[in-house]
1. Residues that are touching a Pro at 6+ places or on another chain (Cβ under 9 Å): list the helices (runs of 4 or more DSSP H) wholly contained in the range 1-80 that include at least 2 such residues.
2. What number of residues within the range 74-91 are in contact (Cβ under 8 Å) with a residue 24 or more places away in the chain and either among the aliphatic types (A, V, I, L, M) or out of contact with any His (no Cβ under 8 Å at 6 or more places or on another chain) (or both)?
3. Please tell me if Leu104 is more than 27 Å from Tyr7 (Cα to Cα), modelled with pLDDT of 95 or more and assigned to a helix (DSSP H, G or I).
4. When you go through (1) surrounded by 16 or more Cβ atoms within 10 Å (Cβ to Cβ); (2) of a type in the set (Asp, Glu); (3) more than 18 Å from the chain's Cα centre (by Cα) one by one for Glu13, which number turns out not to apply?
Amino acid sequence: MTSENLYPKVTKELADKRTALAPEVMEAWNHFSKSVFKDGALPEKTKQLIAVAVAHVTQCPYCIRSHTKQAMRKGASKEEIMEAIWVASEIRAGGAYTHAAIALDEMEK
């Protein structure tokens, strides 16, 4: 099975169906997203790099594509994007490593 079969391509038709099924929620989502990513204490470029990292931790292929594209549009270099992904990788691996304490605690009971 290819990813094309697992993850449908994002199309206007799919977006329209999603909106038609819950228009008020979609409007709220769009407002929320725009609010979150606008320049504030953090510039949008930084927010997009954070989003790239989080998308890799949550393993959302749609988010990875979208936020990588947006990060580049906001001026992020390929090197910055890759570093963000490495940070996400380290934090995710760190979670597994530190949770070993739970297994070690259980083994001692």
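The values are calculated or read from the model by the stated rules, or taken from the named source; none is laboratory data. What you see is a predicted model; the values in this text were computed from it and never measured. Cβ: placed from backbone, ideal geometry, glycine included. Neighbour counts: every protein chain shown.
1. 3-6
2. Number satisfying all stated conditions: 10.
3. Yes.
4. Result: Glu13 fails condition (1) only.
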